[in-house]
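Scroll down for the structure; my scribbles are underneath it.
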Amino acid sequence: MADGSPASHKRDPIKSSVGHVAAQRRKQHAVTIGKERREALVRTKRLCRVGVSSDSDILIENDMMIDEDQSILEAQTSAAVEELKVSVAYQGKGATQKKVAALRELRHLLSRSEFPPIEVAISSGSISLLVQCLSFGSLDEQLLEAAWCLTNIAAGKPEETKALLPALPLLVAHLGEKSSSPVAEQCAWALGNVAGEGVELRNVLLAQGALPPLARMMLPDKGSSVRTAAWSLSNLIKGPEPKAATELIKISGVLDAILRHLKKSDEELATEVAWVVVYLSALSSDATSILVKSDVVQLLTERLTTSNSLQLLIPVLRSLGNLVAGDAHTTNVVLVPGHGITDNVVAALLKCLKSEHRVLKKEASWVLSNIAAGSVEHKRLIFSSKAVSSLLHLFKTATFDIRKEVAYVLGNLCVAPAEVSGRPNLILDHLIYLVGRGCLHGFIDLVRSADIEAARLGLQFIELVLRGMPNDEGQKLVEREDGIDAMERFQFHENEDLRNMANELVDKYFGEDYGIE
């Protein structure tokens with residue numbers, strides 16, 4: 001697609017009528033991910049307590065303090081801003097040192113509490129003063145302190161973050177190659193907090209040209225500035241529009257940097273780069289197409305196999321799920337049954353299914369559902385693997401959100417490409433096996449749930465059982481599991497699709513002639 005927007009993808013969950021569900025969910029994952037990113041282990045915005053690392057000799061001390069009396073802290077902040085006003089206006093001997101000292105004091109106050117006095121700093125007039133302190137030609141120490149103050153202000157509430165609008169052009173400008181590494185990194189951190197606030201401020205930053213210099217900061221082999229730039233980029237491109245993601249992947253050197261960091265970097269940097277891949281693959285079909293033709297699937301799989309870091313495994317899994325779902329090249333060319341990389345992917349996903357972490361089980365099930373939506377060969381690959389026994393266990397014992405993801409996998413294992421009529425062909429041996437292992441009860445439970453998508457999945461599987469089980473065994477099984485009662489709850493349901501689906505199944509298979517023999 002020329003515009004780089006997400007392609008509809010082939011998860012094809014049991015029936016073609018909901019064939020685009022996963023494509024919508026893939027984009028929704030990206031747009032709303034701020035809510036659950038890292039499962040709340042790391043916030044979308046980050047307060048800067050310890051200074052950025054430096055290749056020069058600028059020493060930034062850690063002076064974090066907590067449980068300060070808030071009223072005292074606010075009074076000190078107001079006084080610090082007044083002192084900064086005086087120092088900015090002062091033109092005499094030692095003016096720069098006086099300014100740096102005032103900035104440092106304000107930065108201390110904005111860094112030392114779990115609830116920084118941001119509102120007081122803004123209302124006292126700090127933003128315009130900090131903008132003046134970012135002027136070109138200033139000493140690095142002054143620029144660093146000013147950018148640090150702005151970073152922590154940007155970590156505040158939405159209206160507090162928006163107060164940084166006058167500072168954004170200078171923060172972007174200091175990302176350039178003429179800036180020292182610590183100054184550029186601190187500005188990138190501030191911009192990452194601004195971008196994390198929402199689409200309105202992301203669009204402002206994109207219009208002001210923040211994307212290319214942040215991308216260039218990600219190109220070196222190592223360093224905290226690379227990690228900060230990657231984190232800031234993930235906030236900047238995360239949607240909902242695909243334009244920024246498409247532009248990023250086409251910047252010279254970015255793809256090579258992504259591959260290099262996934263392969264060689266420490267887990268902390270690899271984590272931030274993996275989140276960049278999440279948004280690239282969720283939002284842009286152009287980016288997805290470029291990524292899957294590289295070694296990224298293999299590198300993600302290696303990380304999935306070798307790492308035990310939850311922070312890294314979550315974006316790695318989500319990236320794999322997006323890539324498998326977003327481009328037919330992945331399953332048709334990369335994930336070929338019998339190839340080593342495919343066996344490694346399945347083994348790595350099995351490891352996650354057995355993990356104690358809920359989110360890993362859920363994400364691994366989602367990836368498997370996308371593989372299971374591929375060719376008959378891919379369905380048989382999953383069905384013959386050890387993953388099936390883990391999936392069956394989760395379908396009986398896991399929380400609802402995991403059971404719903406597992407239901408997609410199990411349902412997709414039972415159907416081949418659709419007939420001319422639009423109804424999927426059955427893979428009968430898969431269906432008989434899964435029904436024999438008690439799956440029908442789990443799908444009927446989904447029908448009884450308040451979740452419309454899950455209820456649809458349940459009804460679709462019931463239809464497979466009624467249509468496909470030999471010797472009309474399906475009707476007896478559904479009746480034995482109280483499936484008729486579950487379907488009849490939709491008799492007057494407000495959702496027309498579910499109402500029609502359930503009523504048609506009851507009428508067709510349990511109408512007035514049912515049981516007459």
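Which whole-number percent is the relative contact order of the range 165-309 (Cα, under 8 Å, 6+ apart)?
About 20 percent, as a whole number.
Taking 7 Å along the Cα-to-C-beta vector as the label spot, tell me the K178-I72 distance in nanometres, rounded to one decimal.
Distance between the two pseudo-spin positions: 4.5 nm.
Can you tell me how much longer the chain between N495 and Q208 gets when fully stretched, taken as 0.36 nm per residue apart minus their C-alpha distance, in nm with one decimal?
Stretched fully, the N495-Q208 segment lengthens by 98.8 nm.
Any idea of the accessible area per residue across the chain, 1.4 Å probe, to the nearest Å²?
Per-residue value: 41 Å².
How large, in Å, is the range 272-428 by the Kirkwood hydrodynamic radius built from its alpha-carbon pairs?
It works out to 15.6 Å.
Would you mind checking the radius of gyration and Dmax of the range 317-360 based on alpha-carbon positions, in Å?
Rg and Dmax of the range 317-360, Cα atoms, are 11.4, 32 Å.
Too long at a 18 Å Cα-Cα cut-off: which of K222/K263; K362/K404; K361/K396; K250/K293; K264/K362; K222/K264?
Check vs 18 Å cut-off fails for K264/K362.
Calculate the radius of gyration of the Cα atoms of the range 348-405 to one decimal place, then report Dmax, the largest Cα-Cα distance, as a whole number, both in Å.
Rg, Dmax (Cα atoms, Å): 10.7, 31.
Would you mind giving the three semi-axes, in whole Å and largest first, of the ellipsoid equivalent to the range 251-348 according to its Cα gyration tensor?
Semi-axes (√(5λ), whole Å): 18, 17, 12.
Pull out the extension gain between E267 and S252, defined as 0.36 nm times the separation in residues minus the alpha carbon to alpha carbon distance; nm, one decimal.
3.0 nm
Can you tell me the order of 448-455, 312-319 when each peptide is scored by its average per-residue count of other Cβ atoms within 10 angstrom, highest first?
The peptides rank, most packed first, as 312-319, 448-455.
For an R0 of 41 angstrom, estimate the FRET efficiency from the Cβ-Cβ distance between K476 and K157 and round to the nearest 0.05.
Calculated transfer efficiency: 0.10.
Loop by DSSP (not H, G, I, E, B), at most 13 other beta-carbon atoms within 10 Å: where is the longest site-free stretch of the chain for chymotrypsin sites (Phe, Trp or Tyr not before Pro)?
Free of exposed loop sites, the longest segment is 137-491.
Given a Förster distance of 22 Å, report the FRET efficiency between V86 and E119 from their Cβ-Cβ distance, rounded to the nearest 0.05.
Efficiency at R0 = 22 Å is approximately 0.50.
Looking at the range 160-233 from every direction and averaging, what is the projected area of its Cα convex hull in nm²?
4.3
Spin-label point model (7 Å from Cα, Cβ direction): what's the R437 to Q97 distance in nm?
Rounded to a tenth, the inter-label distance reads 7.5 nm.
Pairing the Cα long axis of helix 340-353 with the longest principal axis of the chain, what angle in degrees results, from 0 to 90 and rounded to the nearest 10?
For helix 340-353, the angle is close to 80 degrees.
Would you compute, for the Cα atoms of the range 200-301, the largest minus smallest coordinate along each principal axis and list the three values in descending order, in whole Å?
If we take the Cα atoms of the range 200-301, the spans are 34, 29, 20 Å.
How large is Rg/Rh for the chain, to two decimals, with Cα atoms and a Kirkwood Rh?
On the Cα set of the chain, Rg over Rh gives 1.09.
If you take the Cα atoms of the range 299-339, find Rg, then find the Kirkwood Rh from the mean of 1/r over all pairs, what is Rg/Rh?
Dividing the radius of gyration by the Kirkwood radius yields 1.02.
Give the Debye-formula value of log10 I(q)/I(0) at each listed q (0.19, 0.20, 0.21 Å⁻¹), with one equal scatterer per alpha carbon of the range 379-517, two decimals each.
Those come out to -1.16, -1.27, -1.39, one per q.
Using 1/(1 + (r/R0)^6) with R0 = 41 angstrom and r between the beta carbons of T399 and I341, what's the FRET efficiency to the nearest 0.05?
0.85
I need two numbers for the range 118-250: Rg to one decimal and Dmax as a whole number, Cα atoms only, in Å.
Rg and Dmax of the range 118-250, Cα atoms, are 13.8, 43 Å.
What's the carbon and sulfur percent of the chain's accessible surface, probe 1.4 angstrom, rounded to a whole number?
51
What net charge is computed for the residues neighbouring A348, neighbours being all others with C-beta under 13 Å from the C-beta of A348, Lys and Arg scored +1, Asp and Glu -1?
Every neighbour counted, the sum reads +1.
Would you calculate a helix-derived [θ] at 222 nm for the chain, using -39,500 (n - 2.57) for each DSSP H run of n ≥ 4 and dividing by the full residue count, to the nearest 500?
-19500 deg cm²/dmol
Would you kindly state how much longer the chain becomes between R467 and S294 on full extension, computed as 0.36 nm times their sequence separation minus their alpha carbon distance, in nm to one decimal?
Going from the current span to full extension adds 58.0 nm.
Using all alpha carbons of the range 385-450, what is the percent of pairwise distances in each 5 Å bin, ordered from the shortest bin to the longest?
3, 17, 27, 24, 16, 10, 3, 0
Distance in nm between label sites at D221 and S307, each 7 Å beyond Cα in the beta-carbon direction?
Reported label-point gap for D221 and S307 is 2.0 nm.
For the range 438-491, what ratio Rg/Rh do Cα atoms give with a Kirkwood hydrodynamic radius?
0.95
For the range 60-161, state the average projected area of the convex hull of the C-alpha atoms over all orientations, rounded to one decimal in nm².
The number I arrive at for the range 60-161 is 6.2 nm².
The values are calculated or read from the model by the stated rules, or taken from the named source; none is laboratory data. All values derive from a computational prediction rather than experimental measurement. Every residue, glycine as well, gets a Cβ built from its backbone with ideal geometry; the counts of neighbours run over all protein chains shown. Surface areas here come from the heavy atoms of the whole protein model, side chains and all, with no ligands, DNA or RNA. Shrake-Rupley method; radii C 1.70, N 1.55, O 1.52, S 1.80 Å.
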